[in-house]
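Every number in this text was worked out from the coordinates using simple rules, so none of it is lab data. Since the model is a prediction, treat every value here as computed from it, not as a measurement. Glycine also receives a Cβ, built like all others from the backbone with ideal geometry; neighbour counts cover every protein chain displayed.
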Amino acid sequence: MNNIPMKLITLDTGAEVTIPIRFEYAKCNGCSADDLIWATTKNGKSMPIRYDTIKGVWISHFSDCPKANGFRKSAWLLLINKW
Ligand SMILES: [Zn+2]
């Protein structure tokens with residue numbers, strides 16, 4: 001995971017996260033979203049984000065996901081392992 005070029009982006013909340021310049025899309029196991037990108041927060045935590053093309057902003061999928069309330073961590077761990 002060393003020497004991967006990263007890009008700093010700002011979410012709609014104003015939080016800054018980094019994503020790899022060359023990324024792969026991940027799929028949410030909670031909803032049908034398949035355009036998620038794993039970002040890294042300033043605290044070093046992984047967070048799925050997606051670009052809202054209507055609003056033109058990046059948003060955390062934790063707040064965006066319609067299934068977020070029923071979230072099971074195992075579902076997200078699956079994604080992390082895939083990534
Ligand atoms: Zn989702």
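Numbers for the structure displayed
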read-out: Residues of the range 1-28 that turn out to be under 16 Å from ALA68 (Cβ atoms), out of contact with any Cys (no Cβ under 9 Å at 6 or more places or on another chain) and buried (at least 16 other Cβ atoms within 10 Å of the Cβ), as a count; value: 2
read-out: Residue list for the range 3-18, restricted to those being closer than 17 Å to SER63 by Cβ and either touching a helix residue (DSSP H, G or I) at 6+ places or on another chain (Cβ under 6 Å) or of a type in the set (Val, Ile, Thr) (or both); value: ILE9, THR10, THR13, VAL17
read-out: Pairs, first within 13 Å of GLU16 (Cβ to Cβ) and within 13 Å of the ligand (Cβ to nearest atom) in the range 36-59, second charged (D, E, K, R) and not in a strand (DSSP E or B), C-beta under 9 Å, six or more apart; value: ILE49/ASP64
